[in-house]
Every structure is written in C-alpha cells, then in structure tokens.
Amino acid sequence: MANMIQKFLAELIGSFILVFFGTASVVLVLLVNGGLSIAAITMADWIAIGLAFGLALTVAIYALGPVSGAHFNPAVTIGLWAGKKFPTSDLVPYLAAQFIGSIIASAALIAIAGVKIASTTGALGSVGDVAGIGIVGIFIVEFLGTALLMYCIMAAAVDGKAQDAALSIGLVLAGIVVAIGGFSGCGINPSRVFAPMLMNTLVGTAAPWELFPAYLIAPIIGAIFAVYLYDYLKVEA
C-alpha cells in the first residue's frame, strides 16, 4: 500500500497532467481563433477540448490510479469523504496536492508560451460565463456535470478498479466538457478553476472571481449528491 508521500505526489502529478493538457487545449483554440473570445469557440473546438481533458484524465488514471485512487479533483475527494468512503486523515493532503498540481500546471503554461499567449490571449484556459447564463445557470450546469462524473466514478471505479475504469471515466469527462463547455467553460473541478484564475490575476489578466463561488460550491454539492444517490440506488448482488 502506498504511503502518504506517494499518494500526495500521485495526486499532484495527476492534477498537473489533467489541468496542463486540458487547459493548454483551450489556450491553443483561443490562439487559433485570434484572441480571447471564448464565446466564439465552435462545437468542433469543444470536442477537441473535451478529448484533451478526457484523454489526459484517462492517462493519469492508468498511470497513478494504483497509487492514490486517482481523484485529481477536490470535489471527488470531498464527495468520497462525505460518503464515508475516504479517510479524514487523508483529506487535507489530497486537497493540497490537487491545488498545488493545478497551480504548477498553469504556471508551466506561462513559462512555456509566455504571458501574452498563455494568459492575455488564452486566459490559461480559464472558465467563465460563456453563454451569459449568470451565476445561477453556472451553478446548475456545474452541479449536473460534476454529479454525472461522480456517479460514473462511483459505478466504474469505487466499486471496481480505477485502472479498469480509466477509459470510461475519461470519455464521460470528454462528453461533459462538450455538453456544458459552451455554457460555463466546464469547470466541474475547483482546483482546475482556481489555478488559471490565480495565475491570471498574478500576471495582470482579468479573472471572473465573482463567479468562483459557483465553481467551488456546485461541484462539491454535485459530487456529494452523486455519492449518496449511487449508494441509494445500488443493488447488492
């Protein structure tokens, strides 16, 4: 069994992989589109972004699932903890690893592409009110998207093996990005949302902090809801 240092590093690296490759795809799409106009992203673009996030998650689960269980998302960790499927002693180290890994990913994008491309043009792949649906609309789609992802994780990984579920979970994430990306930018992961906002702010690019409460609270509630719903609906063999 892995020790806490190994689990911490696995969650940090997995979060880095997910956020770096996922948000890098958003930066490249916005760069190709000629600037920061996320509302101009086409459905084909969202499919490409969804696949980037989904495949990154799939690879991270295959590589690191046996070490930490492959959460890579504070909402997933808190949902499992609230459902008494994750020890309280591991909660803070997992959350810290996820946020640190995500922040390093956003910083790496700036280091590689520079502030002008990564942040000024690409906003570091940050989320936002793409469709003008407001904070309530964002809360609803983020809740639904996270609940669906968490339910899939419960069915495919928690009651099975994370590695065996890697592709199915990755494809579900890709589908969710395609479905709700055009509404909220598809956060469904508080650390994935926080890191680009933080790094954009540090380099002087505007960030939609007024929307952050929805991107923080909705995924956590959605994950907890999915855990309890799965347990309620589960039929023992």
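The values are calculated or read from the model by the stated rules, or taken from the named source; none is laboratory data. Note that this is a predicted model, so its numbers are computed, not measured. Counting neighbours? That spans all protein chains shown, and the Cβs are built from the backbone with ideal geometry, glycine included. Surface areas here come from the heavy atoms of the whole protein model, side chains and all, with no ligands, DNA or RNA. Shrake-Rupley method; radii C 1.70, N 1.55, O 1.52, S 1.80 Å.
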Within the stretch 182-219, residues under 12 Å from the mean Cα position of the chain (by Cα), assigned to a helix (DSSP H, G or I) and of a type in the set (Val, Ile, Thr) come out as Val193
Counting only residues in the stretch 67-95 that are touching an Asp or Glu at 6+ places or on another chain (Cβ under 8 Å) and small (Gly, Ala, Ser), the one surrounded by the most Cβ atoms within 10 Å (Cβ to Cβ) is identified as Ser68
Only one of (1) more than 20 Å from Ser126 (Cβ to Cβ); (2) touching a residue at least 12 places away in the same chain (Cβ under 8 Å); (3) small (Gly, Ala, Ser); (4) part of a helix (DSSP H, G or I) does not apply to Ala44, and that is (2)
Picked from the stretch 123-136 (must be open to solvent by less than 40 Å² (accessible area, probe 1.4 Å) and modelled with pLDDT of 90 or more), the residue farthest from Asp45 (Cα to Cα) is Gly134
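Being within 21 Å of Thr58 (Cα to Cα), of a type outside the set (Phe, Trp, Tyr), open to solvent by 20 Å² or more (accessible area, probe 1.4 Å) and touching a residue at least 60 places away in the same chain (Cβ under 8 Å) narrows it down to one of Ile100, Ile176, so name that one. It would help to see each step written out before you state the result.
Details: Ile176 fails: open to solvent by 20 Å² or more (accessible area, probe 1.4 Å).
Just one listed residue meets the conditions, Ile100.
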By residue number, the members of the stretch 98-118 that are farther than 30 Å from Ser68 by Cβ and in contact with a helix residue (DSSP H, G or I) (Cβ under 7 Å, 6 or more places away or on another chain) are Ile117
